[in-house]
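Data first, discussion second: the structure below is written as structure tokens.
The values are calculated or read from the model by the stated rules, or taken from the named source; none is laboratory data. Model, not experiment: these values are computed from the prediction. Here Cβ is always computed from backbone atoms with ideal geometry, including for glycine, and neighbour counts include all displayed protein chains. Side chains included, ligands, DNA and RNA excluded: accessible areas come from the protein's heavy atoms. Shrake-Rupley method; radii C 1.70, N 1.55, O 1.52, S 1.80 Å.
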Amino acid sequence: MKLITAVIKPHQLDAVKEALQAFGVAGLTVTEASGYGRQRGHTEVYRGAEYTVDLVPKIRIEVVVADEDADDVIDVLVKAARTGKIGDGKVWSVPVETVVRVRTGERGPDAL
Amino acid sequence: MPDGFSAGDTAFVLISAALVMLMTPGLAFFYGGMVRVKSTLNMLVMSFISLAIVSVLWVLYGYTLSFGTDAFHGLIGNLDHLGMRGIGMNDLTGSIPVTAFAAFQLMFAIITPALISGAIADRAKFAAWSLFIALWVTLVYFPVAHWVFFFDGGHGGWLGDRQGVIDFAGGTAVHINAGVAGLALCLVLGKRVGFKKDPMRPHSLPLVMLGSGLLWFGWFGFNAGSALAANGVAGMAFMNTQVATAAAMLGWLAFEKIKHGAFTSLGAASGAVAGLVAITPACGSVSMLGAVAIGLIAGGICAAAISLKYKLGFDDSLDVVGVHAVGGAVGSLLIGFFATGHVGQTAQGLFYGGGLGQLGKQALGVVVVAVYSFVISWLLGQAIQKTIGFRVTEDIEVAGIDRAEHAESAYDFSAVGASLSRALNAPTLVPAGAETKTEVDA
């Protein structure tokens, strides 16, 4: 199994969610996040004092999928999240040893 | 009631007093929105505590020191009215009861020290601040109010009644006084941890806007009420207050757009307050066009003045110096140019054929109040710092002063915190038929 983590623009969330549902991903976890990549942040002015706000609002999506689905899910996710403009985000995956469904106790891919 | 009593004037002044009272909570929100989340409550309570402390001191000895018959060369009132002794319900000040006048002036005495608190946001011990308020109103506000506001046919306060300094509603006694005291205190306490390095953005601009709106509303009582009668001067002061404030907002925003490229909400709120401050001394002596000019000038100058703290390196957290000291001085001095001689006072400014005489008097008032306020405030601040300590420790300042000084926090947005508190406290509402078992491991 693989944990796929995506950090994307907040307004791309719906598109990504729909694309993952259409692909058949059963569930996902969404967190509000903030951070920056190469584009850095923006400037705000308060009574003449300019602040560079490095951390930009982002959405972090996490899904765990079976090994054989991982590449396809990443493709689907990237395609749905892309706007072509700066700050579109990053996607990465890491191996997952175990998944347990809390309600039933099932383990492994069955628990997804 | 005795001859000369006016029910209309009395009703107007009592309502004005209530309006001025509302300015202090308004100020609390204006300041409260400008600080970081972790010190919001402290900022609010620093204003609210002034309502408690000054009200009590006013009855004990504040009123008599400010408005008792002059005891010494226009410098201080006598002690005839300690504890409000000798003031009956039928005694009049002009056409209103002394009680109504005392209530109105009390509200000025309350908001003036509250204004100072913005200069030392995030870092003052609450007990030390409370002590400072009590000492400061006693040694600074009450005497200065006597100098400026006490009229007794040439035998009253030395600046207003004897020298002819015009301060209709408190440009010197309230705003320069508080602004300069703020400068003295922020020098005594030192800079906030992270000043110029960490972002110290306002945590809630809607609160700032709400606060400035309440201030603006209450300011009609402050300025128009200072006529102490429901008359033409009050109407003129009311209109002058409105148009100067409007013009100052435009002036501040124009400065900001040119200098920084954006019209900010904080700039709109700050410009309004700067205009209110500047027109305060002048609203009873200038025309409406003069008020527009004063507002525009004050808006631009105050917007420029707030950058002084970065250039000179003092941490006046919420720009009390830039808005109140500078705004008050601008308004007071401009009387020397714009006083028409046809509103509440007969003195004429330079533009109305009065020469430089009135400008000189205004400059005297500005300098005397500024120097007195700075020296005494600095000494009081040092005395408190050296004895009980004025500033919280660095740990507390970084962690947030609200929890350390007040054992509270302004907001709880944490979903985790909410569900934890549900899990840890036995539910009081149980759905019918549900089995409940609430054992919690310690």
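Below is a table of values for the structure above.
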read-out	value
B:SER287 crowded, with 24+ Cβ neighbours inside 10 Å and hydroxyl-bearing (Ser, Thr, Tyr)	no
Any hit, segment B:90-100, residues being surrounded by 20 or more Cβ atoms within 10 Å (Cβ to Cβ), in a helix (DSSP H, G or I) and polar (S, T, N, Q)	no
First in segment A:66-78 and closer than 22 Å to A:GLU97 by Cβ, second anywhere and of a type in the set (Ser, Thr, Tyr), Cβ under 9 Å, 6 or more apart	A:ALA70/A:SER93; A:ASP71/A:SER93; A:VAL73/A:SER93; A:ILE74/A:SER93
Residue match in segment B:115-138 (condition: under 26 Å from B:ALA339 (Cα atoms) and at pLDDT 95 or above)	no
Single residue of B:PHE263, B:PHE314, B:PHE337 found to be surrounded by fewer than 24 Cβ atoms within 10 Å (Cβ to Cβ), outside any helix (DSSP H, G or I) and more than 14 Å from chain A (Cβ to nearest Cβ)	B:PHE314
So B:ALA244, is it closer than 14 Å to B:CYS283 by Cβ, more than 14 Å from chain A (Cβ to nearest Cβ) and part of a helix (DSSP H, G or I)	yes
Residue within segment B:318-331 that is crowded, with 21+ Cβ neighbours inside 10 Å, without any contact (Cβ under 8 Å) to a residue 60 or more places away in the chain and more than 14 Å from chain A (Cβ to nearest Cβ) present	yes
Single unsatisfied condition, B:LEU19 versus (1) touching a Gly at 6+ places or on another chain (Cβ under 8 Å); (2) open to solvent by 60 Å² or more (accessible area, probe 1.4 Å); (3) more than 30 Å from B:GLU405 (Cβ to Cβ); (4) assigned to a helix (DSSP H, G or I)	(2)
Residue within segment B:202-213 that is in a loop (DSSP other than H, G, I, E, B), under 30 Å from B:VAL98 (Cβ atoms) and open to solvent by less than 30 Å² (accessible area, probe 1.4 Å) present	no
Meets criteria (open to solvent by 60 Å² or more (accessible area, probe 1.4 Å), of a type in the set (Ser, Thr, Tyr) and in contact (Cβ under 8 Å) with a residue 40 or more places away in the chain) for B:TYR352	no
Some residue of segment B:119-141 being open to solvent by 30 Å² or more (accessible area, probe 1.4 Å), touching a Ser or Thr at 6+ places or on another chain (Cβ under 8 Å) and assigned to a helix (DSSP H, G or I)	no
